Amino acid sequence: MLQQCSNIARTARHSFSRTDFCAGSREPGASGVLPITRSHSRWKATTGRAVVTSGHGQLARDEHGSGRGALRELSRDGLVELEPGWGTRVRQLDAESLHSQHVLRTALECEAARQCAVRASESQLAELFRLAESLDEAIDSHSSPEQVSELDSRFHLQIAELAKAPSLVQALRSNQLVRLLARGSEIAHHVNRPAGQHVVLVKALQSRDPAVAEDAMRQHCLESMRLQMQKAGFGNWLPDL
């Protein structure tokens, strides 16, 4: 069971970076499983089971131990929700949850930008600038969504790391930042995006002015939110920002 759940954790984390999932449901007190299903226009298949429950809603165990650690790890990364006495379910995508993720992402990334602007060294910002150039080049050349997503995740998490506040990095991961960026890379693959948008962010950080850095990051995050909400069919959910 422990090995099975660990494998599921790896599968879910990899797959969540590419597309959305939906979860099965069960009645209170019923014995059963919650299937993780990949929903994608090109491929649909059940990739694994998120949790096996007993008749009392407890995670099933065997002689090798339990999979609670793997499920806690998925919960920490924001991929599943743990409900004591009920079990575990995969988080579902709707207008409110997607909007909430972007709002929290904006708040966290703006604070990360403020802290990074005053705490990062010149050499660290120079390294970040080179990463931004590689990312913008990948976007401008319409590289694969996977390549863009990988560079984009590295870029944004590196800003949080340079803020020298580990809780910011963890909070961004828990808010499914990697998943949000992966979804954005898929959506914007054939969209002409502003040239050098990530280099612009680094230049704002290099100004050493927290307000300038925050404003640049806020505009960047809001544009991402508008694009994803509109493409998901939730455009009427957006306020005028």
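Could you list, in sequence order, the residues of the range 97-143 that are without any contact (Cβ under 8 Å) to a residue 40 or more places away in the chain and among the charged types (D, E, K, R)?
Of everything in the range 97-143, those that are without any contact (Cβ under 8 Å) to a residue 40 or more places away in the chain and among the charged types (D, E, K, R) turn out to be Glu122, Glu127, Arg130, Glu137.
Here are some residues: Ala112, Ala126, Ala117. Which one is in contact with a Pro (Cβ under 7 Å, 6 or more places away or on another chain), within 24 Å of Pro210 (Cβ to Cβ) and of a type in the set (Gly, Ala, Ser)?
Only one candidate qualifies: Ala117.
Can you tell which of Glu73, Glu81, Glu122 is modelled with pLDDT of 95 or more and acidic (Asp, Glu)?
Within the list Glu73, Glu81, Glu122, the selection yields Glu122.
Just a yes or no: is a residue in the range 183-195 in contact with a Cys (Cβ under 9 Å, 6 or more places away or on another chain) and either within 16 Å of Ala112 (Cβ to Cβ) or not β-branched (Val, Ile, Thr) (or both)?
Checking the range 183-195: not a single residue is in contact with a Cys (Cβ under 9 Å, 6 or more places away or on another chain) and either within 16 Å of Ala112 (Cβ to Cβ) or not β-branched (Val, Ile, Thr) (or both).
On the given criteria, is Ala107 buried (at least 20 other Cβ atoms within 10 Å of the Cβ), closer than 18 Å to Leu177 by Cβ and either of a type in the set (Phe, Trp, Tyr) or modelled with pLDDT of 95 or more (or both)?
Here the answer is no, as Ala107 does not meet what is asked.
Could you list, in sequence order, the residues of the range 159-171 that are surrounded by fewer than 22 Cβ atoms within 10 Å (Cβ to Cβ) and either under 10 Å from the mean Cα position of the chain (by Cα) or outside any helix (DSSP H, G or I) (or both)?
Selection gives Lys164, Ala165.
Search the range 134-158 for residues being among the polar types (S, T, N, Q) and within 13 Å of the chain's Cα centre (by Cα), and hand back the single one that is nearest to His189 (Cα to Cα).
Ser149
Take Arg179 and decide whether it is among the charged types (D, E, K, R) and within 22 Å of Gln124 (Cα to Cα).
No; evaluated as a whole, the condition is false for this residue.
The values are calculated or read from the model by the stated rules, or taken from the named source; none is laboratory data. Model, not experiment: these values are computed from the prediction. With ideal geometry, Cβ positions are generated from the backbone for all residues, glycine too; neighbour counts draw on all protein chains shown.
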